[in-house]
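**Q** Sharing a structure with you now.
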Amino acid sequence: MIRQVTTGLLFSLLAGFIGLQSALADQANLAARGKQLVLVCQGCHTLAEGEPNGIGPNLWNVVDRKAGSAAGFEYSEAFKQFKGSWTLENLKHYLASPAAFIPNNRMAFSGISSEADRNAVVAYLQTLTAGGPVVGASSSFDYGGLKEGVGREDVYAVCSRCHSIMLVKQQGMSRSRWTDMLVWMVEEQGMDELAPDQHERILDYLAKNYGG
């Protein structure tokens, strides 16, 4: 009888351990996908500890942080009036529709329609804390079908903020025309000016992979 109880307990503990390992693996995979989706956010937000705020506030330690409290960032009046914190549920609701969750805020982003994508982004944001897990890249993420190469992440991060990646893939322009296009996007469409190194990577990538 004792042996039967001991064996049953051992199998129960083993099953629990396997279940925990499986859950951790699922969470890691979800966060890895979120890391790629967050590329779009990096046009406005910095992610690493100690980095300065961008157009939006730094997102290090954002989970459970009081909304509107990132040091040194000038928030809209709507954010100043919001009394909540960035719980996991609040983050998911905000990412679904920033304008609906906090009306009249300044964030120029319509939201993430896919619940699965929102969950992935929040899973990654949970890793942005001291002692958080290191998250690798998701091998299943295809950057909207952009061709592999140096500069692909930059192109995805910059271009997908405003329009479909399909518009990039449909082009066949020379480097000089891509240069004119980037200038036009900044001067006429309100795109933020790119850092010189990122500007060159994007041009190199576009001219090589989607050149005329």
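**Q** Keeping to the range 64-92, report how many residues are under 19 Å from Leu128 (Cβ atoms) and assigned to a helix (DSSP H, G or I).
**A** 5
One line per residue, one yes/no per condition, for (1) modelled with pLDDT under 95; (2) of a type in the set (S, T, N, Q); (3) farther than 18 Å from Val40 by Cβ:
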residue	(1), (2), (3)
Leu59	no, no, no
Gly68	yes, no, yes
Ala71	yes, no, yes
Lys80	yes, no, yes
Gly84	yes, no, yes
Met107	yes, no, no
Ser110	yes, yes, no
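**Q** Among the helices (runs of 4 or more DSSP H) lying completely within the range 93-212, list those that include at least 3 residues that are open to solvent by less than 50 Å² (accessible area, probe 1.4 Å) and of a type outside the set (Phe, Trp, Tyr).
**A** In the range 93-212, 115-125, 152-159, 175-189, 196-209 are the helices (runs of 4 or more DSSP H) which contain 3 or more residues that are open to solvent by less than 50 Å² (accessible area, probe 1.4 Å) and of a type outside the set (Phe, Trp, Tyr).
**Q** If I ask for residues that are open to solvent by 50 Å² or more (accessible area, probe 1.4 Å) and in a loop (DSSP other than H, G, I, E, B), which ones from the range 41-50 would you list?
**A** Glu49, Gly50
**Q** Can you find, within the range 63-83, the residue that is farthest from the chain's Cα centre (by Cα) among those that are open to solvent by 50 Å² or more (accessible area, probe 1.4 Å) and of a type in the set (S, T, N, Q)?
**A** Checked the range 63-83; the qualifying residue farthest from the chain's Cα centre (by Cα) is Gln81.
**Q** For the range 51-60, state whether one or more residues are in a helix (DSSP H, G or I) and open to solvent by 40 Å² or more (accessible area, probe 1.4 Å).
**A** no
The values are calculated or read from the model by the stated rules, or taken from the named source; none is laboratory data. Just so it is clear, the model here is predicted, and its values are computed rather than measured. Positions of Cβ are generated from backbone atoms using ideal geometry, with glycine treated the same way; all protein chains shown enter the neighbour counts. Accessible surface areas use protein heavy atoms only, side chains included; no ligands, DNA or RNA. Shrake-Rupley method; radii C 1.70, N 1.55, O 1.52, S 1.80 Å.
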